[in-house]
There are 2 protein chains.
Amino acid sequence: MKRPLILVTNDDGITAPGLQELIAIMKELGDVVVVAPDSPQSGMGHAITINSILHVHEVKMEGVKAYSTSGTPADCVKLAVNEILDRRPDLCVSGINHGSNASINIIYSGTMSAAMEAGIEDIPAIGFSLCDYSWDADFVASRNYVRQITSEAIKNGIPKGVVLNVNIPNVKEEEIEGIRVCRQAKANWKETFDKRTNPLGQEYYWLTGNFTLMDQGEDTDEWALANNFVSVVPAQYDLTAHHSIQHINSWDL
Amino acid sequence: MKRPLILVTNDDGITAPGLQELIAIMKELGDVVVVAPDSPQSGMGHAITINSILHVHEVKMEGVKAYSTSGTPADCVKLAVNEILDRRPDLCVSGINHGSNASINIIYSGTMSAAMEAGIEDIPAIGFSLCDYSWDADFVASRNYVRQITSEAIKNGIPKGVVLNVNIPNVKEEEIEGIRVCRQAKANWKETFDKRTNPLGQEYYWLTGNFTLMDQGEDTDEWALANNFVSVVPAQYDLTAHHSIQHINSWDL
């Protein structure tokens with residue numbers, strides 16, 4: 001069987017340790033091309049660059065072709081598929097993100113927006129995140145799970161219209177209990193804005209917040225992670241709330 | 001009954017004509033506060049500002065309190081709810097966007113990300129878009145539909161976890177056939193990158209693309225708009241593809 005062509009990207013940027021981990025694992029599974037942002041893009045959601053130009057630079061990286069771009073994670077996938085690669089990738093993986101993209105974080109996630117963009121282009125895609133925000137996070141426990149989930153996705157195929165959101169708990173490898181397929185937990189961030197004054201006397205704000213889980217279900221990604229399981233949420237970009245079409249049809253419209 | 005407090009925002013920025021149209025309609029229905037980006041933010045998806053500071057400035061606007069921010073549309077909602085407003089809004093409306101946010105465009109849409117952010121904070125929310133990208137678009141045909149849909153949303157309530165994505169066809173008022181509650185059509189953008197060389201001899205790209213509809217359904221937003229109906233898609237931020245959990249559970253995980 002021909003080795004699959006695997007596009008690797010992320011949102012923490014081309015220099016992130018989590019990207020290097022993902023590249024190392026993917027090199028075992030296929031031919032790898034890396035197209036990643038030249039600077040960190042966390043919190044970029046599904047932003048694309050339409051009012052500005054994009055730069056692409058080839059980057060030296062051992063054993064793989066690699067490119068950095070001035071764009072967002074979604075831009076990276078668009079550039080890779082339509083401009084950089086000479087054939088369609090068989091798989092796109094994004095990450096390993098430094099920090100959780102479980103529950104509502106998927107909405108704000110550059111990591112998952114890259115995977116979503118690949119999905120929209122009909123390329124099977126997986127986003128991987130480790131629940132540790134630090135730059136020197138320890139990815140050792142992630143390796144076997146990233147490899148196993150990716151291998152199974154290559155073997156079985158990911159259903160059309162679906163992208164996998166994988167989160168790995170921040171515990172030692174021997175403490176991980178296994179893998180759970182989950183739904184996205186109901187949660188949000190309670191923001192507080194840290195109001196400060198600059199040296200010119202002008203006010204400005206920093207966004208801060210506390211994560212608030214509003215879901216006691218044992219079938220959620222947050223439950224899985226809190227109980228030391230790797231969570232796999234099949235996510236979709238058809239945002240239609242099909243169940244409420246009937247209700248809204250009862251309005252006087 | 002007390003007049004509802006309505007938060008108005010957008011992604012085309014505080015100076016956009018579509019914002020002024022939306023404000024004028026909302027002033028008939030409630031007390032209005034405007035919090036909008038100080039510059040256009042189209043294509044920002046659900047980006048939030050976590051690595052930079054935010055500025056907020058009060059702006060003079062007749063009959064309403066108005067603020068511009070240096071943030072994204074999602075930032076505007078967070079700032080409004082947590083810092084600027086002295087009570088929770090009863091409704092958040094975003095738009096009227098200059099250009100379609102139907103089908104897959106919802107994913108890239110700053111307009112809808114603001115509405116989604118309000119929804120995540122449990123505030124009923126609607127995004128409005130007119131299918132005309134020009135700055136001097138004619139919003140006359142939009143007025144009655146925006147007013148009617150908003151009034152019905154206030155009267156009936158929007159189901160929890162659901163945000164409305166309303167798109168208005170770019171035709172004369174007398175040509176509009178009515179309102180259709182729809183699902184999001186399957187579509188994507190086929191990108192082409194316009195490769196150019198700057199005065200220093202360096203290459204750069206502009207993102208361009210062609211919209212590609214891959215859905216023949218007559219229950220979609222794209223069908224409604226092509227047939228001169230106003231489309232209303234109930235959208236959700238629970239991205240779980242519940243229907244594929246069983247399939248992925250059959251993998252060797």
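The values are calculated or read from the model by the stated rules, or taken from the named source; none is laboratory data. Treat the numbers as computed from the prediction; the structure is a model and nothing was measured. Cβ: placed from backbone, ideal geometry, glycine included. Neighbour counts: every protein chain shown.
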Report every pair of residues separated by at least 6 positions or lying on different chains whose Cβ atoms are under 9 Å apart, first residue within the stretch B:20-43 and at positive phi, second aromatic (F, W, Y). B:G43/B:Y108
Single condition A:D194 does not satisfy, out of (1) at pLDDT below 95; (2) within 9 Å of another protein chain (Cβ to nearest Cβ); (3) closer than 30 Å to A:C131 by Cα; (4) over 22 Å from the mean Cα position of the chain (by Cα): (2)
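Scan the stretch A:44-65 for residues that are of a type outside the set (A, V, I, L, M, F, W, C), in contact (Cβ under 8 Å) with a residue 12 or more places away in the chain and closer than 24 Å to B:G209 by Cα and jot them down.
Correct list: A:G45, A:H46, A:T49, A:H55, A:H57.
Tally the residues that are at negative phi and without any contact (Cβ under 8 Å) to a residue 60 or more places away in the chain, restricting the search to the stretch A:119-157.
Pass one, the stretch A:119-157, residues at negative phi: A:119-121, A:123-156.
Still in the list and also without any contact (Cβ under 8 Å) to a residue 60 or more places away in the chain: A:121, A:124-127, A:129, A:132-134, A:138, A:140-141, A:144, A:148, A:152, A:155-156.
Qualifying residue count, the stretch A:119-157: 17.
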For the stretch B:184-253, which strands (runs of 3 or more DSSP E) that fit wholly inside it have 1 or more residues that are without any contact (Cβ under 8 Å) to a residue 60 or more places away in the chain? B:187-197, B:203-213
Go through the stretch B:38-73 residue by residue and tally those that are under 17 Å from the mean Cα position of the chain (by Cα) and either assigned to a loop (DSSP other than H, G, I, E, B) or at the interface with chain A (Cβ under 7 Å from one of its Cβ atoms) (or both). 13
Considering only the stretch B:202-243, state which residues are farther than 30 Å from A:I84 by Cβ and within 7 Å of chain A (Cβ to nearest Cβ). B:V232, B:V233, B:P234, B:A235, B:Q236, B:Y237, B:D238, B:T240, B:H242
The conditions are (1) closer than 21 Å to A:Y108 by Cβ; (2) over 13 Å from the mean Cα position of the chain (by Cα), and B:I6 fails exactly one of them. Which is it? (1)
Would you confirm whether any residue within the stretch A:161-183 is within 27 Å of B:V81 (Cα to Cα), modelled with pLDDT of 95 or more and more than 8 Å from chain B (Cβ to nearest Cβ)? no
On the basis of being within 11 Å of chain A (Cβ to nearest Cβ) and either among the hydrophobic types (A, V, I, L, M, F, W, C) or over 30 Å from B:W189 (Cβ atoms) (or both), does B:A153 make the cut? yes
